[in-house]
Amino acid sequence: MATAARQLTPLPQLSRAVADWVNSVRELTQPRAIHWCQGSDAEARELTAQLLQRGELKALDAERFPGCHLYRSAPNDVARVEHLTYICTRSQEDAGPNNHWIEPQQAHAKMRELFRGCMRERTLYVIPYCMGPLDSPLARCGVEITDSPYVVLNMLIMTRAGRAALERIAHDGAFVRGLHSIGELDPERRFIMHFPEEHAIESFGSGYGGNALLGKKCHALRIASWQAREEGWLAEHMLIVGLESPRGETHYLACAFPSACGKTNLAMLIPPASLPGWRAYTVGDDIAWLHPGADGRLWAINPEAGYFGVVPGTNPETNRNAYEMIRRDTLFTNVALTADNQPWWEGLSTGRPVIDWQGRPYDPAKGPAAHPNSRFTASARRNPSYSPHAEDPAGVPITALVFGGRRREVAPLVYEARDWRHGVLVGASLASETTAAAVGQVGVTRRDPMAMQPFCGYNFGDYWRHWLDIGARLARPPRIYHVNWFRRDAQGQLLWPGYGENLRVLAWMLDRCAGRAGATEAAIGCLPRTADLELRGLDVSADRLAGLLTVDAALWRKEVAEMREYLGRYGSRLPAALLAELDSIERRLP
Ligand code: SAT
Ligand code: MN
């Protein structure tokens with residue numbers, strides 16, 4: 001690789017800033033060689049071959065999974081580490097109660113000591129990348145420096161990386177600096193630091209997902225949310241899906257859910273056979289950058305070029321598109337293996353695991369065969385439902401915004417906010433039961449406003465104010481909804497079948513936006529009556545439907561009180577408008 005490195009002399013017009021930064025990192029980290037990523041297929045093939053040779057990647061059954069590989073992370077490095085993730089702003093108030101904070105000079109000093117000499121014997125990879133279509137004015141660029149070839153392989157799939165991005169950086173004159181080293185993968189020496197005021201990221205000691213693929217959560221959400229406030233747009237943890245109705249109209253929705261709550265499945269939704277004439281097109285599955293357009297609508301791009309999706313549960317019934325997509329040219333992380341070298345995970349009805357995600361003989365007593373947060377990395381272009389408009393430089397116009405959480409009770413299947421301001425409160429009120437995507441206890445309810453709790457790069461109080469300001473700039477704002485696919489009955493049974501059937505709820509929203517569907521007004525917003533939903537071919541009893549659509553006033557009083565307590569933590573930074581909205585809900589509750 002060291003020789004390949006020399007082939008790409010940094011472009012003559014390469015911004016001095018990139019060259020100077022790479023030089024200063026080289027002096028600090030002392031790598032054996034430097035490799036400038038070009039983004040070619042040949043480069044990805046060569047890197048893959050090296051990792052196969054070093055035993056860090058394993059080729060999967062070439063007949064049934066052509067071009068697919070398995071990577072096993074360190075067993076203590078399998079998810080994001082929110083307790084080790086910091087926002088380092090000069091003033092702690094700017095990071096807010098929603099973030100861990102360290103003073104920036106102190107953070108830099110701490111990280112400098114960790115990075116000092118850490119790449120001796122290693123190659124330093126320079127990955128110039130563009131978040132968003134290369135020709136989109138809404139796209140923003142970054143450069144990640146890493147010593148992990150696994151990170152490079154992922155970034156080559158997840159972003160537009162290489163020479164073209166470097167050219168765009170030279171043209172833009174700006175980029176986000178992301179410095180990453182796996183260090184010794186020691187959880188005691190692991191930190192993910194963000195410096196929004198400097199548009200910089202420093203990540204040490206983890207090689208996994210959101211901790212290490214710096215274009216994703218670190219740049220496209222934490223730093224971008226800050227950039228977005230400076231520049232007048234929104235960086236959100238949202239999928240973007242286009243729905244074509246039997247009338248032939250296509251509308252786009254952007255939907256926020258916490259990690260591992262089914263964003264990828266919803267983005268790739270397959271309409272049920274009983275709803276003929278509908279089609280779904282994926283624009284993005286995780287992150288949306290939303291810009292007010294000259295026409296008064298909100299326009300969205302997906303900054304990413306691939307999917308880093310949860311594997312367990314993926315099967316032909318839950319997500320046929322993903323199931324087909326990951327049968328070739330896919331990088332699997334932490335799945336199990338069958339005797340004939342096929343990847344295996346919980347939720348598959350065929351095959352049998354013999355080797356678990358840690359490479360040990362599979363023993364059910366030791367836990368699941370695939371890690372619950374095992375992932376696939378696949379190019380978006382391989383998705384059968386990839387939208388023909390996913391790469392439009394202007395993005396796609398958003399008709400509705402949807403917030404969703406994983407709640408056993410309280411939140412009904414769906415409700416509609418009265419207006420933008422109420423919608424911002426609905427987003428700010430989002431709460432969800434935790435999943436395996438982050439280290440920590442699974443299944444406890446926590447507040448996760450806009451599904452951005454782990455990802456907002458500044459004080460939530462300022463962020464909600466920014467949301468209100470954006471709404472004020474939109475002559476034709478999207479309507480805002482809240483959904484809960486995860487409501488359960490008293491016995492703990494899920495009430496709603498989910499997956500493709502979710503289209504019935506989305507179709508109601510789009511009909512509402514077109515002024516075609518009815519609703520009933522409740523204290524918390526508007527809900528569909530059973531008659532307002534298209535239920536043809538759906539096997540859900542009237543009792544269960546009633547359960548899904550009830551608003552329990554006593555539970556909601558408690559919810560409102562919890563919200564008031566939660567919002568109170570933001571003190572003077574909290575926009576008064578949100579409290580006024582909360583008061584108005586409380587007044588309406590019977
Ligand atoms: O590890 S990632 O942050 O990329 C995945 C997720 O938590 O959504
Ligand atoms: Mn996510």
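The values are calculated or read from the model by the stated rules, or taken from the named source; none is laboratory data. Given the structure is predicted, the values throughout are model-derived calculations rather than measurements. Cβ placement follows ideal geometry from the backbone for every residue including glycine, while neighbour counts extend to all protein chains displayed. Accessible surface is based on the protein model in full, side chains and every heavy atom, while ligands, DNA and RNA are left aside. Shrake-Rupley method; radii C 1.70, N 1.55, O 1.52, S 1.80 Å.
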### Query
On the given criteria, is E324 more than 30 Å from W233 (Cβ to Cβ), touching a residue at least 24 places away in the same chain (Cβ under 8 Å) and of a type in the set (D, E, K, R)?
yes
### Total residues in region 13-39, condition open to solvent by 50 Å² or more (accessible area, probe 1.4 Å) and part of a loop (DSSP other than H, G, I, E, B)
4
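Conditions tested, residue by residue: (1) farther than 20 Å from I287 by Cα; (2) touching a Leu at 6+ places or on another chain (Cβ under 9 Å); (3) open to solvent by less than 10 Å² (accessible area, probe 1.4 Å).
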residue: V424; (1), (2), (3): no, yes, yes
residue: T435; (1), (2), (3): no, no, no
residue: A438; (1), (2), (3): no, no, no
residue: P454; (1), (2), (3): no, yes, no
residue: H466; (1), (2), (3): no, yes, no
residue: R488; (1), (2), (3): yes, yes, no
### Message
Could you tell me how many of the residues in region 519-543 are under 15 Å from A417 (Cβ atoms) and open to solvent by 80 Å² or more (accessible area, probe 1.4 Å)?
### Response
1
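Taking strands (runs of 3 or more DSSP E) that do not extend beyond region 277-372, which have at least 2 residues that are under 30 Å from R479 (Cα atoms) and away from ligand 1 (no atom under 16 Å from the Cβ)?
Of the strands (runs of 3 or more DSSP E) lying wholly inside region 277-372, those with at least 2 residues that are under 30 Å from R479 (Cα atoms) and away from ligand 1 (no atom under 16 Å from the Cβ) span 279-284, 288-292, 298-301.
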### Task
Name the helices (runs of 4 or more DSSP H) wholly inside region 104-200 in which the number of residues that are basic (K, R) and farther than 23 Å from F376 by Cα is 2 or more.
104-115, 163-172
### Query
Across region 263-279, which residue is nearest to ligand 2 (Cβ to nearest atom) among those that are open to solvent by 30 Å² or more (accessible area, probe 1.4 Å) and within 17 Å of P316 (Cβ to Cβ)?
N265
### Query
Identify, please: which residue in region 241-259 is assigned to a loop (DSSP other than H, G, I, E, B) and open to solvent by less than 40 Å² (accessible area, probe 1.4 Å) and is, among those, nearest to N484 (Cα to Cα)?
F257
## Note on the structure
Scanning region 206-220 for residues that are within 11 Å of ligand 2 (Cβ to nearest atom) and among the small types (G, A, S), the one surrounded by the most Cβ atoms within 10 Å (Cβ to Cβ) turns out to be A220
### Task
Return only the number of the condition from (1) surrounded by fewer than 24 Cβ atoms within 10 Å (Cβ to Cβ); (2) within 16 Å of ligand 1 (Cβ to nearest atom) that A139 does not satisfy.
(2)
### Task
Determine, yes or no, whether A305 is more than 30 Å from L533 (Cβ to Cβ), at pLDDT 95 or above, open to solvent by 10 Å² or more (accessible area, probe 1.4 Å) and within 16 Å of ligand 2 (Cβ to nearest atom).
yes
### Query
On the given criteria, is D448 open to solvent by 40 Å² or more (accessible area, probe 1.4 Å), at pLDDT 95 or above and not small (G, A, S)?
no
### Residue list for region 225-240, filter: closer than 15 Å to P454 by Cα and assigned to a loop (DSSP other than H, G, I, E, B)
H237
### Query
Can you spot a residue in region 326-338 that is among the acidic types (D, E) and closer than 18 Å to T377 by Cβ?
yes
